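The structure under discussion appears below in the form of structure tokens.
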Amino acid sequence: MLMRDHATLDHFDRMFTDAADPWGTRISRNEAHKRRIVLRMLGTQIHGRVLELGCGNGSNSRDLAKRALSVDACDGSEAALRRAAEIVSSLSRVQLHHLPLPGRFPGSTYDAIVIAELLYYLNDRTLVSVVREIERSLRPGGSLVLCHHHRQFADAAQKQPGLHARFMGRSRIGWQSGKQHRTSRWEVQAYWRPRNRIGDTR
């Protein structure tokens, strides 16, 4: 059952103001395992420009920098970005961006996009906006990696079971599904945009 009052940016600002790591993402073995899976979904190659939506305190951003020449790490919470700066400010490959959603992505073209633990906090209109921005900015042949808990949270705006399929179903592109990893708590799914845009229906 979804609560009427789901989490807001003010809620996350308070959380990250009060604690640098409110979910223990920097120290949890489970979170470290999740990061390894996300990186595995990106493949072994070094990507050019990578977009990370919902970077939080930067625990994923630091590792994504190992697989990219440039990472645009974005979050709608300014307090979260201040926490992220504590661990990525020395990494020249990572740029932090304040991006409340819906909003336009900071770059025009990306080789890969990673979205982790974010989509279930967004309303339907914002989900569609994010899909359209992905369609606009992810290059043909680029990869999209989604990582989310599938157990329902009380403050989520979306039903979490089946979230990835419903999100991708809003796209006008015929995406190619890649590898999937699922645990009792969360799942990671990779998708690829067709190189020749045949799958695009715009």
>> Need one word for the range 64-122: rounded, prolate or oblate. Basis is the Cα gyration tensor (sqrt eigenvalues a ≥ b ≥ c); a/c below 1.5 gives rounded, then a/b vs b/c decides.
In response: oblate
> Tell me, what is the percent relative contact order of the range 64-202, built from C-alpha pairs under 8 Å that lie six or more residues apart?
Replying inline: 20 percent
> What list of ³J(HN,Hα) couplings, whole Hz, do you get for the range 67-78 from phi and the Karplus terms 6.51, -1.76, 1.60, once you set θ to phi - 60° and write x for glycine and proline?
Replying inline: 10, 8, 6, 8, 10, 9, 9, 10, 7, x, 9, 5
> For P(r) over Cα pairs in 10 Å bins from 0, in percent, the choices are [x] 8, 35, 34, 19, 4, 0; [y] 9, 33, 33, 17, 7, 1, 0; [z] 9, 37, 41, 12, 1; which was calculated from the structure?
Replying inline: [z]
>> Over the chain, with the other protein chains present, what is the accessible area per residue in square angstrom, probe 1.4 angstrom?
In response: 49 Å²
>> Expected output is a single nm value to one decimal: the length gained when fully extending between residue 78 and residue 152, i.e. 0.36 nm times separation in residues minus the C-alpha distance. What is it?
In response: 24.1 nm
> In the range 63-113, what percent of the accessible surface is made up of carbon and sulfur (1.4 Å probe, ligands and nucleic acids excluded)?
Replying inline: 44 percent
> For the pair residue 29 and residue 132, what calculated FRET efficiency results from E = 1/(1 + (r/R0)^6), where r is the Cβ-Cβ distance and R0 = 41 Å, to the nearest 0.05?
Replying inline: 0.65
> Which lysines have a Cα less than 20 Å from the Cα of residue 34, not counting those fewer than 8 places away in the same chain?
Replying inline: 66, 179
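Taking every DSSP beta bridge with both residues inside the range 64-191, roughly what % is antiparallel (nearest 5)?
Details: 10 of 21 bridges.
If I count the DSSP bridges inside the range 64-191, around 50 percent turn out antiparallel.
The values are calculated or read from the model by the stated rules, or taken from the named source; none is laboratory data. All values derive from a computational prediction rather than experimental measurement. Positions of Cβ are backbone-derived with ideal geometry, glycine not excepted, and every protein chain shown enters the neighbour counts. These area figures cover heavy atoms from the full protein model, side chains too; ligands, DNA and RNA do not enter into them. Shrake-Rupley method; radii C 1.70, N 1.55, O 1.52, S 1.80 Å.
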